[in-house]
Amino acid sequence: MIDKRSLRKHIRELKRQFTDDQLVEMSRPIVSQLLAHPAVIKAETILMYYSLPDEVFTHEAVHLLCENGKTVLLPRVIDGENMEIRIYSKPADLAPGHYGIMEPTGALFTNYAAIDVAVIPGMAFDAQGHRLGRGKGYYDRFLPKATRAYKIGVCFDFQKQETIPTDAYDITMDCVI
């Protein structure tokens, strides 16, 4: 089996085959499926992510969910190991943060048990819901706090692998789109 580092490198090479615009276009059916998911439809509080150029494009979905009355939460990196969750209500709530990621500046959110759905990016996923992140462990450390969140991994088809190398601390998704 391929190791995590080699798999990340392989996925980065695959991503480089596409322009940012192509990835945005490829994101549309994934995001449509995400927004139509029953867990997302019935959720009141959703942890999203504000995508990087090489991730499934979520900017429009973040705004749409907010406009539809959902409480939308976004992660903000606070140091080399941890992230905090902040409430998103409008585009002005975003500012450049760590790693060049647009991060929320809204109110701090700490009622993690209220998170109904967590939408999680990844470098790769497998059919069992295993996720390979970027290697910093932010989501693996945070997700156990969101005790009742339904975890949805989102990725491009080329990121879906037969198996993902896992460790005991890796958090499994409930579904992958």
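The table that follows gives values for the structure above.
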{"item": "DSSP-assigned coil residues among GluC sites (Glu not before Pro) in region 1-106, each with at most 14 further Cβ atoms within 10 Å", "result": "Glu44, Glu81"}
{"item": "Dipole magnitude of the chain, debye to nearest 20 (Cβ charges: Lys/Arg +1, Asp/Glu -1, about Cα centre)", "result": "220"}
{"item": "The chain: antiparallel DSSP beta bridges as a percent of all, rounded to 5", "result": "50"}
{"item": "Simple label model, 7 Å out from Cα along Cβ direction - Lys9 to Ala168, nm", "result": "2.8"}
{"item": "Low-density loop cleavage sites - trypsin sites (Lys or Arg not before Pro) in region 71-177, where at most 12 other Cβ are within 10 Å (DSSP)", "result": "Arg148"}
{"item": "Added length on full extension, which subtracts the Cα-Cα distance from 0.36 nm per residue, Cys175 to Arg148", "result": "8.3 nm"}
{"item": "C-alpha long axis of helix 4-15 to longest principal axis of the chain, angle in °", "result": "80"}
{"item": "Extension gain from Glu44 to Ala95, taking 0.36 nm per residue of separation minus the Cα-Cα distance", "result": "15.9 nm"}
{"item": "Per residue, in Å², the accessible surface of the chain once ligands and nucleic acids are set aside, probe 1.4 Å", "result": "50"}
{"item": "For region 55-117: rounded, prolate or oblate by the Cα gyration tensor [a/c cutoff 1.5]", "result": "oblate"}
{"item": "Coil-residue chymotrypsin sites (Phe, Trp or Tyr not before Pro) of region 137-177, DSSP, other Cβ within 10 Å capped at 11", "result": "Tyr169"}
{"item": "Ala127/Asp79 FRET efficiency (R0 30 Å; Cβ-Cβ; nearest 0.05)", "result": "0.35"}
{"item": "Lysine pair count for region 18-177 [Cα-Cα under 19 Å; pairs on different chains or 8 or more apart]", "result": "7"}
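The values are calculated or read from the model by the stated rules, or taken from the named source; none is laboratory data. The structure displayed is predicted, hence computed values, not measured ones. All Cβ positions, glycine included, derive from the backbone under ideal geometry; neighbour counts span all protein chains shown. Side chains are part of the model used for accessible areas, which takes the heavy atoms of the whole protein and leaves out ligands, DNA and RNA. Shrake-Rupley method; radii C 1.70, N 1.55, O 1.52, S 1.80 Å.
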